[in-house]
1. Using DSSP to call loops (not H, G, I, E or B), can you name the chymotrypsin sites (Phe, Trp or Tyr not before Pro) in the stretch 40-112 whose Cβ has at most 14 other Cβ atoms within 10 angstrom?
2. Considering every Cα-Cα pair within the stretch 153-260, what fraction, in whole percent, is farther apart than 25 Å?
3. In debye, nearest 20, what is the charge dipole magnitude of the stretch 18-116 about its Cα centre with +1 on Lys and Arg Cβ and -1 on Asp and Glu Cβ, if you could check?
4. P(r) tail for the stretch 18-116, what percent of Cα pairs lie past 18 Å?
5. In nm, give the distance between the simple-model label positions of W219 and E190, each being 7 Å from the Cα along the Cα-to-Cβ direction.
6. Assign unit charges at the C-beta atoms only (+1 for Lys and Arg, -1 for Asp and Glu), then state the dipole size of the stretch 153-260 relative to its Cα centre in Debye, rounded to the nearest 20.
7. Give, rounded to the nearest 20 debye, the magnitude of the charge dipole that the stretch 192-252 has about its Cα centre when Lys and Arg contribute +1 at Cβ and Asp and Glu contribute -1 at Cβ.
8. Which of W219, L235, F207 sits closest to the plus end of the dipole of the stretch 153-260, meaning its Cα is farthest towards the positive end, when Lys and Arg get +1 and Asp and Glu get -1 on the C-beta?
Amino acid sequence: MTAAQKPRAHSRSKISGVDVFCYRAALSTVPRIRKNIGVEVLDISPGGARIEVNESLKEGETVTVEVKDYATGESFRAQGEVRWAGMRKGPAGTVHYLGLQFRDIYTPVDRRERFTGAGRDEAASQTPRASLVRPSSGGSEKRVASRFILDDYVVTCIRPQGLSPGGLKRNSARQLLDLSLTGAQLSVFEMIEPSETVSFTLHVQKFSESLQIPSRVRWCRPESNVAGGYYLVGLQFTHLTPDVKKKIEFFRKWFSSAGKK
């Protein structure tokens, strides 16, 4: 039985009225502007999708996909592994397609269901954007690394016990407020206890680059200036590889300069 023939854990369904953006994992450690190879989402489920693309891919490749509702602007974002790939001849030439198994889903649970299955017809909740005013740390904190703000990103914060009823990882992150070589400040959906360890992942859309960094919570407090019961959390990175340090420094220079415009 081939990968394409194995029984699926989730039923898949058609989805219309969306644009698809699909990006291969970068082979270089130097960030580069991403190239969209997505053409159409053929079907999708909570566990994966079948996608038409304009390039040939191989089984095992890592792919990032974004499905965007062009009527509302809402989107579903995930990274996954190509489980199988195929091609056929069409009227306009060769058509490539693949079966993608989601590995990391970056869209919060309350927003992803309208794209992937159950609850798709329900209106997704509209979340106000957090103010970028940083809370006082309660003392004369001296940071050893300058912090900066990014745009066009997807952020996740996964707690070890953070699994949804369906067994998928639950993303606690709502918004990235700033980033540095030593840590990050996030807006999150739930209280996270100080000293708790989490997996912090940042995907920078412009360069199709992902950073996955083990982190420890230094502090967490209610986000008083935004309604909805959200929290602010300060993360300290516990381990950075040289490649990750290089990418963070690249992002700092890019997003802090006028050249990014």
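1. On the way: sites: Y70, F76, W84, Y97, F102, Y106; in loops: Y70, Y106.
When the chymotrypsin sites (Phe, Trp or Tyr not before Pro) of the stretch 40-112 are filtered for loop state and at most 14 Cβ neighbours within 10 Å, Y70 remain.
2. Values: 1253 of 5778 pairs.
Tail of P(r) above 25 Å: 22 percent of Cα pairs.
3. The calculation lands at about 280 debye.
4. Working: 2177 of 4851 pairs.
Tail fraction, whole percent: 45.
5. Label at W219, label at E190, 2.4 nm between them.
6. Details: 14 positive and 8 negative charges, 56 e Å.
Computed about the Cα centre, the dipole is about 260 debye.
7. Values: 8 positive and 6 negative charges, 45 e Å.
The calculated dipole for the stretch 192-252 is roughly 220 debye.
8. So the residue furthest toward the plus end is F207.
No lab work stands behind these numbers, since they all come straight from the coordinates. All figures in this text were calculated on a predicted structure; none of them were measured in a lab. FYI the Cβ positions are ideal-geometry reconstructions off the backbone, even for glycines, and counts take in every protein chain you see.
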